Amino acid sequence: MANIYDYIMWRGDLSFLERPFNDVDNVILSTLAYLDFKDIVPNDDKSDGVSLTSACERLLEEANGDIEPYVRSLAKIEIAFVELLAGSARFRDARLSFYENVVDDARSLQFSALQVDLPNSETYVAFRGTDNTLVGWRENFMLSFTITEAQREAARYLERAVLRAERAGRKVLVGGHSKGGVLAEYASLVCPEQYRDAIKGVYSNDGPRMAPEVLARERHETLNDVFRHIRAA
């Protein structure tokens, strides 16, 4: 069965201007959010970010053949994934910025996100799912019955990202895997109405749906056709 590696190898030569953003691109960028880009991808308004190729090449240099310490997930991400992305014509000119990673046991908070500016005037906001920390797993269980600190952080982060994108004339795509999908959905749902038109797509990849006790089902109607819930076969 074909996977994202095959997609990058066989379709990675097509630019976003030739073929628009699709569901598989979303899966790839939500996977990218599991990599630790500390001290590689900046988080300030004074920088225009770093190219995806440069970020991946520096990560590979630091990893020195062992990517595992830089993967913040129990899921396995191989070094070939980073190498393929770095050399892909489709992704290499994307720019990464506003990397955040916060783990706070006192607040039961595990949160990480980054923004990917694509060459087609779209920005993908990627929220990391549950990482390999105990606080991350504890917060993961809390998602079913309460609004978590990570969801609040995601709402704050997305509003900032949307404002930045609007100033630059860009549209926003939001996504994540597992808990990251819940963060993408929640942050988009509570985004102030005046900014919501800038959100072009919301992707929850294998993310659990929120209980109606946490957020009323009527709120979900505000996303209409921009929301996609993708499950692995």
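Here the 3J(HN,Hα) profile of region 123-130, calculated from phi with Karplus coefficients 6.51, -1.76 and 1.60 at θ = phi - 60°, is 10, 9, 9, 9, 9, 6, x, 4 Hz, Gly and Pro shown as x.
From the mean inverse distance of alpha carbon pairs (Kirkwood) and the Cα radius of gyration, derive Rg over Rh for the chain. Could the numbers behind the result be given before it?
Details: Rg = 16.6 Å, Rh = 17.7 Å.
My calculation puts Rg/Rh at 0.94.
Between LEU14 and VAL103, the contour length at 0.36 nm per residue exceeds the alpha carbon distance by 28.3 nm. Taking 0.36 nm per residue of separation and subtracting the current Cα-Cα distance, fully stretching the chain between HIS229 and PHE145 would add 28.2 nm.
Rg over Rh of region 73-198, using C-alpha atoms and the Kirkwood radius, what does it come to?
Working: Rg = 15.1 Å, Rh = 15.3 Å.
Reported Rg/Rh (Cα atoms, Kirkwood Rh): 0.99.
Run the numbers on the chain and let me know its relative contact order in percent, using alpha-carbon pairs under 8 Å that are six or more apart.
Working: 434 pairs, mean separation 38.9, N = 233.
Rounded, it is 17 percent for the chain.
Taking amide H atoms as placed 1.01 Å from N in the peptide plane, the amide H of LEU109 lies under 5 Å from those of ASP104, each 5 or more residues away in sequence or on another chain.
What does the convex hull of the Cα atoms come to per residue for region 53-102, in Å³?
Values: hull volume 4.5 nm³, N = 50.
Dividing the Cα hull volume of region 53-102 by its residue count gives 90 Å³.
When the convex hull of its Cα atoms is viewed from all sides, region 81-136 shows a mean projected area of 4.6 nm².
For region 13-145, what is the relative contact order in percent, using Cα pairs closer than 8 Å and at least 6 residues apart in sequence? Let's see the in-between values first.
Details: 207 pairs, mean separation 35.4, N = 133.
Relative contact order comes out at 27 percent.
For region 10-85, the Kirkwood hydrodynamic radius from C-alpha pairs, put into Stokes-Einstein at 37 °C and a viscosity of 0.692 mPa s, yields a diffusion coefficient of 239 µm² per second.
Legend: calculated FRET efficiency, ASP6 to ASN132, from the Cβ-Cβ distance at R0 = 35 Å, rounded to 0.05, equals 0.85.
Values quoted throughout were computed directly from the atomic coordinates according to the rules given, and no laboratory measurement underlies them. Keep in mind that this is a model prediction, so the values were computed, not measured. For neighbour counting, all protein chains shown are included, and Cβ atoms are generated from backbone atoms with ideal geometry for every residue, glycine included.
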